[in-house]
Structure formats: C-alpha cells, structure tokens
1. Compute, for the chain, the length of the dipole vector about the Cα centre, with Cβ point charges of +1 (Lys, Arg) and -1 (Asp, Glu) only. Units Debye, rounded to 20.
2. Calculate the spin-label point distance for Ser61 paired with Asp7, positioning each point 7 Å from the Cα along the beta-carbon direction, and give it in nanometres.
3. Rounded to the nearest 500, what is the chain's calculated 222 nm mean residue ellipticity when only DSSP H runs of at least 4 contribute -39500 (n - 2.57) each, over all residues?
4. Using the per-residue mean of other Cβ atoms lying within 10 Å as a proxy for protection, in what order, highest first, do the peptides 93-102, 27-36, 6-15 fall?
5. Pop the C-beta distance of Ala180 and Arg110 into the FRET formula with R0 = 45 Å and round what comes out to the nearest 0.05.
6. Sorted from fewest to most neighbouring beta carbons within 10 Å, what does the list Thr21, Thr90, Thr148 look like?
7. What is the local net charge at Pro114, summed over the other residues whose Cβ is closer than 10 Å to its Cβ (Lys, Arg +1; Asp, Glu -1)?
8. In 10 Å bins starting at zero, report the fraction of Cα pairs in the chain per bin as a rounded %.
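Values in this text are rule-based calculations from the coordinates and carry no lab data. Computed from a prediction, not measured in an experiment: that's the story for all the values here. Using ideal geometry, Cβ is built from the backbone for each residue, glycine included, and neighbour counts are taken over all protein chains shown.
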Amino acid sequence: MYLDVYDAIMSHRLHAGTKLTEQGLGDIYGLARHHVRRVLARLAADGLVDLERNRGARIASPGAREADDMFELRQVLEAKVMDKLAGRLTEADGRALRDLIARERDAWMRGDRPLWIRLSAEFHIELAKLAGNALLVDALRRLVSRTTLLISNLDNAGQQPCSFDEHAAVVDALQHHDSARAQAQMARHLGQCACRLLARSPARFDLRSALGKA
C-alpha cells in the first residue's frame, strides 16, 4: 500500500489536497485501520501527506510561502552537496548519473511526464546519497518530495522544462571537480524549478482508479 500511494502521489495521479481516509484505503487494500494509519504516518514523514487532527490525512499542498522557504533551504543544502561531491565523484558515479539523466530525457521525449517527474526528483536524491551524509539524504528526500508536489502540468509539449539539460550541466561541473561552477549550476537549476511552478486546479478522480485498484 505504501508503494502504491507513494507512486500515485509522485506520478500526480493523486493530486495535492486530495483527502485520504483510513476507511477508504482500508477498504481498497483490505487492511485494518491501524495498518493504514502506520502507512499514512510514513508518508507524512516523507513530506507527502499532511496529517490533520480529527480530520484525517491529505496529500500535501504547500502554499506559496512554504514553497519559497523550501526552495531557499534546498539552495543551501544542495550547494553543500555540490561542494562535497566536486572532489569525490568517481567515473562510475558520473556514468550512473548520466544514465539517470538519459532515462529522464527519454521519459520526457516519450511523453511520460509522471516518470519524468519521478526521475527528476530521483536525480537530486541520488546526488545527496553520493555525498555520503545520511541526515542530508533524509532532509533532501523530504524537501524534494514535497517540492515535487508543486510541479504542475505544462500546457503543451512546446513548453520546455529542460531539467535534464540543467542536470547534465551540474554533472559536467562535478566531473571537472569545479565546486564553484557546480554550485552555480545547481543554484540556477533550482531557481528555474521555482519559476516553473504553476497553480494546480483540483481534478475529479476516483481514489480506487488512481491507485490502480479499479
């Protein structure tokens, strides 16, 4: 259940603000409410779900102020990741990152936007893992997951997010062991991400279908 809900959120089949009830999820998965409660608590720890006292749970829906705060914090943390990685990225690490970028580009070119969004988020988390600080990974996983919820659908394929090109520029700087350039490229990339955020209007959906249980 955790993986189903996580994937549905990150794939934007479950939209920000969607209410999740223990009863509804329990019926879908045939689980007792205390099991559902534990899953919701885990999703809340990931930053994907907000738990409301006496009101259940909702898919996180960060406001404009929180979005600014999150990107500001990401700028600080990911600059540290760049500084740590610039002198230690191995050839194997670089190849793995470029493979991830290639998959990201392929997903976008094939029109698989949910996969593209998920891979874009994964890129940042993989960088944090390579930096070798577990607490940094946990902090960024939550921030990346939560800011990913803010990404809205583009109107058409002519609008170019180009996150994969920005990611490639970051890796290029890291492979040249240029910390200053890597930090500048990451700062530019995160600034572009923030600028691409648009308001998402609520969509009609069926919870069972969104979780692939229809």
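1. For the chain, the charge dipole is close to 680 debye.
2. 2.6
3. Dividing the helical sum by the residues of the chain leaves -21000 deg cm²/dmol.
4. 6-15, 93-102, 27-36
5. 0.80
6. Thr90, Thr21, Thr148
7. +1
8. Spelled out per bin, shortest first, that is 8, 33, 34, 19, 6, 0.
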